[in-house]
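*Asks:* Below is a structure I'd like to ask you about.
The values are calculated or read from the model by the stated rules, or taken from the named source; none is laboratory data. Owing to the predicted nature of the structure, the values given are computational and were not obtained by experimental measurement. Cβ: placed from backbone, ideal geometry, glycine included. Neighbour counts: every protein chain shown.
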Amino acid sequence: MSIIDTVTIRPVLPDELETVAQMLTLGFGGDKSQRLAMLRNNPRFDNSHLIIVQHEADIVGTMTVFPAQMWLSGVPVKVEAVAGVTVLPEYRRHGIAAKMMEFAIGRMSSEGLAMSVLFPFSHRYYNKLGYGTIGDVHIYRITPDNLPAFEEGHKVRPFQSDDLATLRVMYKGQMTWRNGWFTRSNDWWDELTQRWPQIMVFDNDDMAEGFYAYTLETTDRGERLMRLHEFFAAEDAAYRGLIGYLAAQNEADVIEYYAPPDTPLRHLLRQPLASDAQNRGWIFNDLCHISAGPMGRIINLHQALTTRFYKRGLSGERVLKVSDPLIPGNELPIVFRIVDGRAETRPAEEQTPQIETDIITISQILTGYLSAKQARLLGRFQTDEDTCSWLDQAIADSPLFIQAGDWF
């Protein structure tokens with residue numbers, strides 16, 4: 001009998017949290033006492049969201065699966081975030097992590113959640129479980145003198161505790177325009193300001209209209225590095241002011257920022273060049289490094305299709321058939337209908353599918369990472385050109401980007 005046939009998967013018990021903290025430290029590094037404190041007092045999840053794998057008397061694997069709201073097309077979509085998936089070294093390569101993921105996906109399906117999202121250690125591994133990449137991250141490393149010294153920079157000052165309420169309101173007001181942002185509780189904001197105490201804000205007549213949070217460190221090469229964790233401006237002047245202040249600061253030699261793909265930062269640089277740029281031939285020098293970001297998968301096809309908005313004034317319907325080996329309910333053919341930007345579905349009965357695809361592809365298309373035309377070109381989306389054009393018009397969106405404060 002294999003190990004996987006003798007394991008039990010269940011929620012953690014309170015007296016097992018220290019063992020889980022030790023396992024997470026072994027798997028991901030860090031300080032055990034800090035991990036234990038976060039497990040006991042995390043504003044985003046509790047013990048019911050911690051899953052363990054038990055083999056005989058030993059805990060050999062763990063993961064965290066907690067509910068969240070991720071904004072997509074101006075709508076909060078109910079998702080399940082997967083984090084901290086790890087197995088003891090001696091129990092790896094026995095399918096235990098996959099068993100945990102299948103258990104979690106089954107539980108998500110029974111709860112009727114629209115989607116699941118995660119940050120993978122291996123994109124290829126999670127492809128096997130129906131997850132596909134849904135966003136890219138553009139990693140900039142720039143020197144301050146490569147930024148313009150906008151005069152609005154003189155309105156930037158250090159964060160004060162009284163600013164927090166304003167930042168919360170400002171942030172909340174922008175979520176409808178930001179695909180991938182997560183709804184944040186007041187407790188989570190408190191956690192972030194404690195984690196990142198170094199915050200600068202743009203002050204317009206005693207009103208904070210933008211901020212950036214950062215930490216400072218020294219690299220192996222002796223560089224003073226400013227790591228921007230979040231950068232956000234609600235008004236144009238605030239954006240210029242924060243950039244101008246970064247250009248003038250003298251705390252760091254290099255600024256590193258994990259930015260959304262549609263950041264205008266590239267258009268601000270005096271010279272489109274990374275601080276550690278390599279020449280790739282003739283005039284081609286690195287501007288930034290592009291990394292594959294989070295992954296996502298549809299859990300409930302009906303919920304995922306009907307929760308989000310589509311382009312106003314656009315209507316039509318198609319019969320859709322999706323393959324999903326882990327959630328058989330998603331494989332039933334449905335009629336997908338859009339009327340003036342809102343969608344509905346119904347069983348297709350005996351109708352012939354007009355779109356055939358897999359759960360990864362439809363997840364990537366629905367989140368705007370992959371267009372229907374691209375998927376058809378790649379042989380992953382069986383339909384005609386008119387359907388691709390219709391769907392691409394309906395889903396046209398800004399790139400999905402999860403803010404660093406919500407990484408899990």
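*Asks:* Among the residues of region 264-287, what is the count of those that are surrounded by 16 or more Cβ atoms within 10 Å (Cβ to Cβ) and over 23 Å from Gly222 (Cβ atoms)?
*Replies:* Total meeting the criteria: 4.
*Asks:* State yes or no: is Glu90 surrounded by fewer than 17 Cβ atoms within 10 Å (Cβ to Cβ) and either modelled with pLDDT under 95 or within 26 Å of Arg297 (Cβ to Cβ) (or both)?
*Replies:* Answer is yes for this residue.
*Asks:* For residues in region 48-100 being hydroxyl-bearing (Ser, Thr, Tyr) and in a strand (DSSP E or B), which is nearest to the chain's Cα centre (by Cα)?
*Replies:* Step by step, filter region 48-100, then rank; the result is Thr64.
*Asks:* Count, please, the residues in region 38-77 that happen to be closer than 19 Å to Met101 by Cβ and either outside the structural domain of Gln22 (by TED's automatic domain parsing) or not hydrophobic (A, V, I, L, M, F, W, C) (or both).
*Replies:* 8
*Asks:* Read through the list (1) assigned to a helix (DSSP H, G or I); (2) at positive phi, then give the number of the only condition that Arg168 fails.
*Replies:* Only one criterion is unmet by Arg168, namely (2).
*Asks:* Also, quick follow-up: Is it the case that region 386-396 has a residue that's over 28 Å from Tyr125 (Cβ atoms), free of Cβ contacts under 8 Å to residues at least 12 places away in the same chain and not assigned by TED's automatic domain parsing to the domain that holds Gln174?
*Replies:* yes
*Asks:* If we keep just the residues of region 230-263 that are in a strand (DSSP E or B), in contact (Cβ under 8 Å) with a residue 60 or more places away in the chain and in contact with a Gly (Cβ under 7 Å, 6 or more places away or on another chain), which is surrounded by the most Cβ atoms within 10 Å (Cβ to Cβ)?
*Replies:* Phe232
*Asks:* A further question follows. Kindly establish whether Tyr369 is among the aromatic types (Phe, Trp, Tyr) and under 30 Å from Phe28 (Cα atoms).
*Replies:* The answer is yes for Tyr369.
*Asks:* Okay, next question. Within region 342-356, restricting attention to residues that are crowded, with 16+ Cβ neighbours inside 10 Å and within 25 Å of Gly74 (Cβ to Cβ), which residue is nearest to the chain's Cα centre (by Cα)?
*Replies:* In this case the residue turns out to be Ala343.
*Asks:* If the Cβ limit is 7 Å and pairs must be 6+ apart or interchain, which residue in region 31-59 that is surrounded by 14 or more Cβ atoms within 10 Å (Cβ to Cβ) pairs with which residue that is small (Gly, Ala, Ser) and at pLDDT 95 or above?
*Replies:* These pairs meet every condition: Lys32/Ala21; Arg35/Ala21; Leu36/Ala21; Leu39/Ala21; Pro43/Ser185; Ile51/Ala104; Ile52/Gly61; Val53/Gly61.
*Asks:* Run down Thr143, Thr218 and say which single residue is over 30 Å from Lys78 (Cα atoms), loosely packed, with under 12 Cβ neighbours inside 10 Å and outside the structural domain of Trp71 (by TED's automatic domain parsing).
*Replies:* Just one listed residue meets the conditions, Thr218.
*Asks:* Output yes when any residue across region 289-298 is modelled with pLDDT of 95 or more and assigned to a loop (DSSP other than H, G, I, E, B), and no when none is.
*Replies:* yes
*Asks:* Residue check: is Asn127 outside the structural domain of Gly210 (by TED's automatic domain parsing), under 30 Å from Val75 (Cβ atoms) and surrounded by fewer than 18 Cβ atoms within 10 Å (Cβ to Cβ)?
*Replies:* So Asn127 passes the test.
*Asks:* Return yes or no: is Pro120 of a type outside the set (Ser, Thr, Tyr) and buried (at least 17 other Cβ atoms within 10 Å of the Cβ)?
*Replies:* It is true that Pro120 is of a type outside the set (Ser, Thr, Tyr) and buried (at least 17 other Cβ atoms within 10 Å of the Cβ).
*Asks:* Residues of region 118-162 being closer than 18 Å to Glu230 by Cβ and either in a strand (DSSP E or B) or acidic (Asp, Glu) (or both), which ones?
*Replies:* Asp136, Val137, His138, Ile139, Tyr140, Arg141, Ile142, Val156, Arg157, Pro158
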